[in-house]
1. Do you know which residues across the stretch 141-193 are in a loop (DSSP other than H, G, I, E, B), under 27 Å from Lys206 (Cβ atoms) and touching a helix residue (DSSP H, G or I) at 6+ places or on another chain (Cβ under 7 Å)?
2. Out of curiosity, is Lys111 buried (at least 21 other Cβ atoms within 10 Å of the Cβ) and among the charged types (D, E, K, R)?
3. In the list Val177, Val135, Val128, which residue meets the criterion of being surrounded by 15 or more Cβ atoms within 10 Å (Cβ to Cβ) and under 19 Å from Ile63 (Cα atoms)?
4. State the number of residues belonging to the stretch 59-91 that are under 13 Å from the mean Cα position of the chain (by Cα) and not β-branched (Val, Ile, Thr).
5. Kindly indicate whether any position in the stretch 26-34 is touching a residue at least 24 places away in the same chain (Cβ under 8 Å), buried (at least 17 other Cβ atoms within 10 Å of the Cβ) and out of contact with any Ser or Thr (no Cβ under 9 Å at 6 or more places or on another chain).
6. State which residue is surrounded by the fewest Cβ atoms within 10 Å (Cβ to Cβ) when the search covers only the stretch 92-108 and only residues that are within 15 Å of the chain's Cα centre (by Cα) and over 16 Å from Ile20 (Cβ atoms).
7. Can you name every residue in the stretch 95-120 that is hydrophobic (A, V, I, L, M, F, W, C) and closer than 12 Å to Ile188 by Cβ?
8. Quick one: how many residues across the stretch 113-138 are over 8 Å from the mean Cα position of the chain (by Cα), small (Gly, Ala, Ser) and assigned to a loop (DSSP other than H, G, I, E, B)?
Amino acid sequence: MSIIILIIACVVVAYLLGSIPTAIWYGEAYFGVDVRKHGSGNAGATNTFRVLGKRAGTVVLLIDAIKGWLATSLALMMYYGHLIDWSECQNLKLLFGFMAVFGHIFPIFSKFKGGKGVATLLGMVMSVHPEAALVCMVIFFLVFLWFNYVSLGAIIASLAFPVLLLLKTFGPENTLVIIFGFLLFGMIVVTHRKNIVKLFRGQENKMFLRPKKA
């Protein structure tokens, strides 16, 4: 098998991994509920938390993140198989990770209507740059705990990733990774455009780690 054919095959596999509609399949299998018909109508981890509870939401979040990590790590398999060098591995990580996020947003298994890509993007970033990913996770939780808006935390954390790299927080960085980070931030903004409008209008739904006292 030529390297080009292998890369194309990995692109397809990455997209299919991202396309797994975890929230839909998990909700239907264990609760008999289609999360798209409740809450925000979104097939992602946040709406699963809202509709099915913390345990179900956590399961969906973890699986969606693993999808992104596995898809991105296909490049590592090629690298350790001595099929590509490290520079090519880094570039293919971005390609495969993007396809997983794209698959999560436009999944072939659920009529191309999926989630907003945040959890899968997290898994991708964990594979591409673990240090930056951990800092972004901290930023997300701080914003979420302070404002109680998941969408706001996701948007700010996704912006923090390329900004941290641009500022060379962890040392010299691959310019392509920085550019790609800003592109992915743009994708998150697009998938959260309705949430952004609601935030400005003060109509965005809040989430709380603990139920509010009556």
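1. Within the stretch 141-193, Tyr149, His192 meet the criteria.
2. no
3. Only one candidate passes the filter, namely Val128.
4. 9
5. Checked against the condition, which is being touching a residue at least 24 places away in the same chain (Cβ under 8 Å), buried (at least 17 other Cβ atoms within 10 Å of the Cβ) and out of contact with any Ser or Thr (no Cβ under 9 Å at 6 or more places or on another chain), the stretch 26-34 yields no hits at all.
6. Leu95
7. Of everything in the stretch 95-120, those that are hydrophobic (A, V, I, L, M, F, W, C) and closer than 12 Å to Ile188 by Cβ turn out to be Val101, Ile105, Val118, Ala119.
8. Within the stretch 113-138, residues that are over 8 Å from the mean Cα position of the chain (by Cα), small (Gly, Ala, Ser) and assigned to a loop (DSSP other than H, G, I, E, B) number 2.
Read-outs: derived from the displayed coordinates by stated rules, not from any lab. The structure presented is a predicted model; accordingly, all values stated were derived computationally and were not measured. Don't worry about glycine lacking a Cβ; one is built from the backbone with ideal geometry, like all the others, and counts go over all protein chains shown.
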